[in-house]
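Single-structure report; data block below.
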Amino acid sequence: MYDRIFVKIEYDYGWCSPIKIELFNTIYDITCVASAYKNETINRNQRSKYTLFKESEKETLVKVENKVKEYVEQNFPDYLKKIKESLVPKELIFQQNGDVGILFDCEWDVETGIVVGIFPEIKIINPDNFL
């Protein structure tokens, strides 16, 4: 399917498309997800936040890196030197209400990982509270 903002998308528990992001000097292939039920389309909040993200992507991802480093240093200092190997981005998620976050797999919480909220603010979020 085609969306005027997200471009080529497929439905898989939300509208999904592959994208690349750069974090920690590494380019990752991740999935961009606009949360929706099967019979729903991508909404105005999701489109506007996607556009905002793309317009400020580099600056936003630097802020994400800084927030992650701060979080790891305070909570899991043993992982700070191997942050690239222990924390891997998987999905950039655009919620229907306009909240946006990046879901990471991580070594210290294999079951749930972590989410770094981007909009409305950059912060670490428990995945259960975001998803």
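The values are calculated or read from the model by the stated rules, or taken from the named source; none is laboratory data. Predicted model only: the values in this text are computed from it and were never measured. Note: ideal-geometry Cβ built from the backbone for every residue, glycine included; neighbour counts use all protein chains shown.
Let me spell it out: the conditions are (1) among the small types (Gly, Ala, Ser); (2) in contact (Cβ under 8 Å) with a residue 12 or more places away in the chain; (3) within 17 Å of residue 99 (Cβ to Cβ), and residue 17 meets all of them except one. Which number is the exception? With (1) among the small types (Gly, Ala, Ser); (2) in contact (Cβ under 8 Å) with a residue 12 or more places away in the chain; (3) within 17 Å of residue 99 (Cβ to Cβ) applied to residue 17, the lone miss is (3).
Going through (1) in contact with a strand residue (DSSP E or B) (Cβ under 6 Å, 6 or more places away or on another chain); (2) more than 27 Å from residue 7 (Cα to Cα); (3) in a loop (DSSP other than H, G, I, E, B) one by one, residue 71 falls short only on (3). When residue 102 is tested against (1) in contact with a helix residue (DSSP H, G or I) (Cβ under 6 Å, 6 or more places away or on another chain); (2) β-branched (Val, Ile, Thr); (3) surrounded by 15 or more Cβ atoms within 10 Å (Cβ to Cβ), only condition (1) is not met.
Determine whether residue 81 is surrounded by fewer than 18 Cβ atoms within 10 Å (Cβ to Cβ), modelled with pLDDT under 95 and not hydroxyl-bearing (Ser, Thr, Tyr). Don't jump to the end; show me each part of the working.
Working: surrounded by fewer than 18 Cβ atoms within 10 Å (Cβ to Cβ): yes; modelled with pLDDT under 95: yes; not hydroxyl-bearing (Ser, Thr, Tyr): yes.
Criteria met by residue 81.
For the range 27-70, which residues satisfy the criterion of being in contact (Cβ under 8 Å) with a residue 60 or more places away in the chain, within 20 Å of residue 104 (Cβ to Cβ) and surrounded by fewer than 18 Cβ atoms within 10 Å (Cβ to Cβ)? Hits for the range 27-70 are 28, 31. The set of residues in the range 1-57 that are outside any helix (DSSP H, G or I) and among the charged types (D, E, K, R) comprises 3, 4, 8, 10, 12, 20, 22, 29, 38, 40. Applying the criterion of being of a type in the set (Phe, Trp, Tyr) and under 16 Å from residue 114 (Cα atoms) to the residues of the range 39-78, the residue that is farthest from the chain's Cα centre (by Cα) is 76.
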